[in-house]
Amino acid sequence: MAKNLKNYGLLIVLLLFGAVQSAAPGAARQFTFDESVNKDVARKLGIPVYFALPASARAPLPSDIDISAKLIDFKHPDAIGAEGDIGLRLVVVRRAGMARRLARSGLIKTGDLLLTFRPEWGGTGAYPNIQMGISHTGLAYIKGGEVHNLDNPLNAVYLGPRFDGRLTSEHYRTLDMIHVVRPRGLTDDERARLLDWATRLGSNARKIYPSQISFNKDYNAPKYSPKEPLTFVKQLGQIALGQNPPGTISMFCSEFAWSVLAMRDCDATTTADAFKKPGVPSCIKPVMSPLRATGNYVDRGGNGSYAGLADGPLLVINSMGLDREAEDKLLEDVFAEDPDSLAKLSPGHKALAEEMKPRFGPLEKYYLGISATGWRKYKARFARFLFNWRVPQNYSPTSYLINTLLPPDHPDRKMDYVATIVIE
């Protein structure tokens with residue numbers, strides 16, 4: 001076994017490889033549920049129920065998945081008997097050669113989002129809980145029969161010492177779990193264009209980072225503004241095309257991925273001149289609307305509702321259809337803090353958790369009151385108004401996962417959850 005696995009990762013891999021039978025020759029490869037394995041996985045994984053997802057979040061997959069890995073349909077024990085079928089699709093794959101095997105299987109495709117998932121964050125405090133254990137976003141592309149990753153920072157830590165992005169960099173080499181989220185409806189042509197953009201940015205990473213593209217450490221300061229054109233996406237395209245626009249554009253990881261996906265309709269060859277002209281090229285289009293701080297799906301529902309950046313655990317718990325007392329107990333758990341466990345956060349995320357701490361009291365009242373009645377609901381709606389007024393629309397790493405929590409037929413649903421990669 002690889003020595004760099006965290007304890008929980010090593011335990012779960014040992015467990016799954018020892019407890020689950022390989023598919024018989026010729027049998028269809030699909031995610032399967034086993035009750036005894038499920039209990040052991042739940043104990044070793046140790047995530048709160050709001051780190052899992054309802055079945056409605058899932059992307060449709062082929063009935064036969066071509067991969068030599070264990071495919072586990074994990075159902076969270078705290079949700080068994082509740083509505084929503086809350087759990088995760090777990091793909092237990094050996095680290096060596098996984099980029100090629102995952103590409104062949106179709107479980108990762110060009111344009112997919114790779115969300116760094118840290119189960120050890122569960123139960124440590126309000127900030128990591130609301131982030132659902134997500135700390136980083138990368139963009140996947142398939143080249144030469146392998147999965148490649150494109151990430152900001154565009155440096156060796158994320159792209160590897162050869163800057164070829166094959167899930168072998170320090171960041172990906174030390175990870176145990178990755179959520180795969182897929183933008184809906186990407187065509188073959190769009191994936192081909194995204195491959196071109198990703199290749200251009202990745203191959204020139206040493207040249208353009210950090211002189212032309214730098215890393216924005218402030219997740220509360222996105223480039224997007226609903227009243228402004230997407231000039232920052234245009235600038236990213238100009239950099240990829242070698243047009244050397246003036247200035248430096250700083251982006252955080254999920255903003256960078258959002259911006260690349262916004263160019264899925266732009267052919268880098270035929271539209272290059274459009275990037276030189278004034279204005280934003282018409283081919284640039286958001287792949288997903290940036291989220292407000294909090295949403296109104298829980299209390300309003302319907303096609304006119306929306307999800308918010310802080311709504312992840314709320315939406316998962318609400319989907320379970322629990323009685324008021326049981327739901328409130330879970331919602332309160334989201335805001336319980338374990339100071340000792342906060343040490344598991346990186347310095348950057350720890351600082352952000354401290355910065356956000358004053359907002360968690362009002363946010364808890366919003367969580368507990370938004371599906372209630374009377375005065376509690378009124379106060380929760382007022383808190384929502386204040387949050388949305390103070391916090392800019394954004395596309396945090398968790399926002400892609402939150403979008404999958406909207407109903408499959410919701411007009412704002414642009415993302416599907418594919419699976420969670422568990423790496424040996």
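The values are calculated or read from the model by the stated rules, or taken from the named source; none is laboratory data. All values derive from a computational prediction rather than experimental measurement. Neighbour counts run over all protein chains shown; Cβ positions are idealised from the backbone, glycine included.
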- prompt: Hey, Lys276 hits all of (1) more than 20 Å from Leu194 (Cα to Cα); (2) in contact (Cβ under 8 Å) with a residue 24 or more places away in the chain; (3) exposed (fewer than 14 other Cβ atoms within 10 Å of the Cβ) but one; which does it fall short on?
  reply: (1)
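Per-residue answers, yes or no, for (1) more than 25 Å from Ile178 (Cβ to Cβ); (2) of a type in the set (Lys, Arg); (3) in a helix (DSSP H, G or I):
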position	(1), (2), (3)
Arg376	yes, yes, yes
Ala380	yes, no, yes
Pro392	yes, no, no
Pro397	no, no, no
Ile402	no, no, yes
Asp412	no, no, no
Ala419	no, no, no
query: Which of the residues belonging to the stretch 264-282 are part of a loop (DSSP other than H, G, I, E, B), over 11 Å from Leu230 (Cα atoms) and not polar (S, T, N, Q)?
result: Arg264, Asp265, Cys266, Asp267, Ala268, Lys277, Pro278
task: Residue by residue through the stretch 128-152, note down the ones that are surrounded by fewer than 22 Cβ atoms within 10 Å (Cβ to Cβ) and either over 24 Å from Arg58 (Cα atoms) or touching a Leu at 6+ places or on another chain (Cβ under 6 Å) (or both).
output: Lys143, Gly144, Gly145
query: Looking only at the stretch 128-151, which residues are among the β-branched types (Val, Ile, Thr) and over 12 Å from the mean Cα position of the chain (by Cα)?
result: Ile130, Ile142, Val147
message: Is it the case, given these coordinates, that Asp40 is among the acidic types (Asp, Glu), surrounded by fewer than 22 Cβ atoms within 10 Å (Cβ to Cβ) and modelled with pLDDT of 95 or more?
response: no
- prompt: In the stretch 315-338, which residues are buried (at least 19 other Cβ atoms within 10 Å of the Cβ) and not in a loop (DSSP other than H, G, I, E, B)?
  reply: Leu315, Val316, Ile317, Asn318, Glu327, Leu330, Leu331, Val334
query: Is it the case that some residue within the stretch 304-311 is in a helix (DSSP H, G or I) and either charged (D, E, K, R) or closer than 13 Å to Tyr50 by Cα (or both)?
result: no
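Could you pull out the residue among Val260, Val298 that is more than 28 Å from Tyr209 (Cα to Cα), at pLDDT 95 or above, assigned to a helix (DSSP H, G or I) and β-branched (Val, Ile, Thr)? Can you show your working first?
On the way: Val260 fails: more than 28 Å from Tyr209 (Cα to Cα).
So the residue among Val260, Val298 that is more than 28 Å from Tyr209 (Cα to Cα), at pLDDT 95 or above, assigned to a helix (DSSP H, G or I) and β-branched (Val, Ile, Thr) is Val298.
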- line: Contact list, first residue from the stretch 40-56 and touching a residue at least 24 places away in the same chain (Cβ under 8 Å) and of a type in the set (D, E, K, R), second anywhere and assigned to a helix (DSSP H, G or I) and crowded, with 18+ Cβ neighbours inside 10 Å, beta-carbon distance below 8 Å, six or more apart or interchain, is Lys44/Ile12
field: Search result, residues across the stretch 63-90 that are assigned to a loop (DSSP other than H, G, I, E, B), in contact with a Lys or Arg (Cβ under 8 Å, 6 or more places away or on another chain) and buried (at least 17 other Cβ atoms within 10 Å of the Cβ)
entry: Ile65, Ile67, Ala69, Asp85, Ile86
- request: Say whether the condition of being of a type outside the set (Ser, Thr, Tyr), more than 18 Å from the chain's Cα centre (by Cα) and farther than 14 Å from Phe51 by Cβ is met by at least one residue in the stretch 111-120.
  value: no
task: Would you be able to say whether some residue in the stretch 183-191 is surrounded by 20 or more Cβ atoms within 10 Å (Cβ to Cβ) and either farther than 20 Å from Pro286 by Cα or in contact with a Phe, Trp or Tyr (Cβ under 7 Å, 6 or more places away or on another chain) (or both)?
output: no
message: Let me confirm something: among Gly312, Gly295, Gly308, Gly301, which residue is small (Gly, Ala, Ser) and loosely packed, with under 14 Cβ neighbours inside 10 Å?
response: Gly301
query: What number of residues within the stretch 131-160 satisfy the criterion of being more than 19 Å from Arg104 (Cβ to Cβ) and touching an Asp or Glu at 6+ places or on another chain (Cβ under 9 Å)?
result: 11
